[in-house]
There are 2 protein chains.
Amino acid sequence: MSTDLHPFDRAVTLTVTGVPNQYQGQASSDYWNMVGPYGGITAASLLQAVQQHPQCLGDPLSITVNYSAAVGAGALVIDANPVRTNRSTQHWILTVQQPDADGQMQVVTTATAVTAVRRDTWSASDVPMPAVKPAADLERVPPLFKGSEWLSRYEMRFADGILPMDEDAAERDSLTRLWVRDNPPRPLDFASLAAVSDIFFPRAWLRRAKRVPAGTVSMTVYFHAGREDLAAAGDDFLLAQARGQEFRNGFFDQTAQLWSQSGQILATSHQIVYFKE
Amino acid sequence: MSTDLHPFDRAVTLTVTGVPNQYQGQASSDYWNMVGPYGGITAASLLQAVQQHPQCLGDPLSITVNYSAAVGAGALVIDANPVRTNRSTQHWILTVQQPDADGQMQVVTTATAVTAVRRDTWSASDVPMPAVKPAADLERVPPLFKGSEWLSRYEMRFADGILPMDEDAAERDSLTRLWVRDNPPRPLDFASLAAVSDIFFPRAWLRRAKRVPAGTVSMTVYFHAGREDLAAAGDDFLLAQARGQEFRNGFFDQTAQLWSQSGQILATSHQIVYFKE
């Protein structure tokens, strides 16, 4: 494995196992979170499997990733099965598996994805990019927590809704807006756009200024960008916005949008997240 | 099949086939849309399979349904596989299959779902119910299109954003708010809440007043309600709100919220939808 690769490319490197539709990767230590790899990098690896599959039709349109169990260190096996191919769309079922203590393979992640061949049509937006200070005018924030290596893989500059400094349990709005890009910068592609969709710390931590245990259960990303839009975004900052909707009995959901510098929405995303207390 | 059943209960009736994790149903003529059953009733049938599975743990937390191909008339086979069971969450992979012209079973729908045992925690909302006229003060709208039988299965009263009468291609906001309930009224449950999450006509039709061909590709529903919340909602109206986010190159996405009369969010939902032109 070349050390010249960007950490992101190292993290999503997959090799074929010889079993049809099956790939092997490694849980990334560069993107390690507290109990396993950053959820965004798991989503990126799944999308990578789809895109390098020889039967892949078109480009990513949507992916839903369900975090069934913590992904452990070491090897992981991705199955990427194109169960239905139409003229211009293709439907995928995916799993990530790892061996348990007895060596039995266990599902740790499930996912579905849709790829599509897109055509130029009438286009419009109902969610214009909010007016915020440019990235250059905002402070670069060092990694907010120790032990979460993945935080060092992103450059973050918060315009709104950074974590409250004091855990005073005071209730507030759950809106965050930040400029974000890979660290070091790397040209955007579908996999890295999927990864950055998971950039937001748990809305529950912001909503009531209390850092309770929390983890994403399911994340969906809808891709609105084509390849030319990704090329235009390059390695520049994206504006990432997230807001919680409902926090109830152990789970909350959020909606999120990602814009390029030029003000175009590249992806929208949603999560439902477990929280304690 | 008893004719005393509510049309919804008839539509989601499933029988075991004898194959593990497998159920058989019928594409519902009561909920027929132009080229197949209403997408919401397919989501409901998948959730029904999960809930009547003998190993089901807890209540629905999320479901993502990918509409891979039109579901045809006649029998359909649902596979509902609980691939990972944790202490308080369970992860499901599901498919709907039907025979093609040669009698070969083909995947027409894919899905994942998560069920969970929920506990009382701190709860809050960041999306309060909008102020609209009560349902009783709004006109009951007859089915908007002929040939879409499913429209007769819902009572709809629009507060905002009914379809423009003239197809003048004038651009406008894509927000819709309506009061909706089953017709005839029926006590709400998880399956019918999933079904009603798909109630909104395509946002593209509203956004530019042009009824182009359109169809949902993928829908996700997050359940925020517990059984007691559903019981409290009863058979009364729900307030359903949807707004498009990005319309680009053949696909748009929407976010949606469903509140009970008492102002509690019962579910949030997202879709990505194909449109032509």
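Results, tabulated for the structure shown:
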| quantity | calculated |
| --- | --- |
| When the range B:29-79 is reduced to its Cα atoms, the Kirkwood hydrodynamic radius in Å | 12.2 |
| Label 7 Å beyond Cα on the Cβ vector: B:LEU5 copy-to-copy distances, nm | 5.2 |
| Per-residue average of Cβ from other chains inside 10 Å of A:106-118 | 4 |
| Inter-part distance where the range A:237-270 and the range A:73-98 are each reduced to a Cα centre, Å | 25 |
| Per-peptide average of other Cβ atoms within 10 Å, ordering A:170-179, B:153-162, B:216-225 highest first | B:216-225, B:153-162, A:170-179 |
| Gap separating the Cα centres of the range B:122-149 and the range B:1-59, nearest whole Å | 25 |
| Label geometry 7 Å along the beta-carbon vector: A:SER148 inter-copy distances in nm | 4.3 |
| Among the listed pairs A:LYS133/A:LYS210; A:LYS133/A:LYS276; B:LYS133/B:LYS276; A:LYS276/B:LYS133; B:LYS133/B:LYS210; A:LYS146/A:LYS210, those beyond 29 Å (Cα-Cα) | A:LYS133/A:LYS276; B:LYS133/B:LYS276; A:LYS276/B:LYS133 |
| Approximate shape of the range B:135-275 as ellipsoid semi-axes (Cα gyration tensor, √5λ), whole Å, largest first | 25, 17, 13 |
| A:ARG118 long-range amide H proximity, modeled H, under 5 Å | A:ASP59 |
| Over the range B:121-167, volume per residue of the alpha carbon convex hull, in Å³ | 160 |
| The range A:1-43: C-alpha pair distances exceeding 16 Å, % | 41 |
| Mean residue ellipticity (222 nm) of the protein assembly as shown, computed from DSSP H runs ≥ 4 via -39,500 (n - 2.57), nearest 500 | -3500 deg cm²/dmol |
| Mean separation of Cα contacts under 8 Å (6+ apart) over length of chain A, as relative contact order % | 17 |
| Positive-end residue of B:GLN97, B:VAL65, B:GLN245, charge dipole of chain B with Cβ unit charges | B:GLN245 |
| Cα-centred dipole magnitude for the range A:7-116, charges only on beta-carbon of K, R (+1) and D, E (-1), debye, nearest 20 | 300 |
| Under 14 Å, Cβ to Cβ, from A:ARG87 - net charge with Lys/Arg +1 and Asp/Glu -1 | +4 |
| The protein assembly as shown - Rg over Rh from alpha carbon coordinates, Kirkwood radius | 0.94 |
| Order by protection proxy (mean Cβ within 10 Å, highest first), peptides B:75-82, B:197-204 | B:197-204, B:75-82 |
| Scattering profile of the range A:61-122 at q = 0.19 Å⁻¹ [log10 I(q)/I(0), Debye over alpha-carbon scatterers] | -0.73 |
| Per-residue HN-Hα couplings for the range B:9-22 [Karplus 6.51, -1.76, 1.60; θ = phi - 60°; Hz; x = Gly/Pro] | 5, 4, 5, 9, 5, 10, 10, 6, 9, x, 7, x, 6, 10 |
| Pseudo-label separations to other copies for B:GLN261 - Cα-to-Cβ vector, 7 Å, nm | 5.5 |
| Computed E for B:ASP160/A:GLU171 - FRET, C-beta separation, R0 30 angstrom, nearest 0.05 | 0.55 |
| Principal axis dimensions, chain A - Cα atoms, whole angstrom, descending | 53, 52, 40 |
| Charged-residue dipole, Cβ positions (Lys, Arg, Asp, Glu), chain B about Cα centre, Debye nearest 20 | 360 |
| Number of partner chain Cβ atoms within 10 Å, mean per residue of B:250-258 | 6 |
| ³J(HN,Hα) computed for each position of the range A:61-74 - Karplus, 6.51 cos²θ - 1.76 cosθ + 1.60, integer Hz, glycine/proline x | 10, 8, 9, 10, 10, 10, 7, 7, 7, 4, 7, x, 5, x |
| Taking A:LYS146, B:LYS210 and counting other C-beta atoms within 10 Å, the order from fewest to most | A:LYS146, B:LYS210 |
| 10 Å binning of all Cα-Cα separations within the range A:7-116, expressed as whole percents from 0 upward | 15, 49, 30, 5, 0 |
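The numbers here are math on the coordinates, done by the rules we state, and not lab data. Since we're looking at a predicted model, the values are computed, not measured. Positions of Cβ are generated from backbone atoms using ideal geometry, with glycine treated the same way; all protein chains shown enter the neighbour counts.
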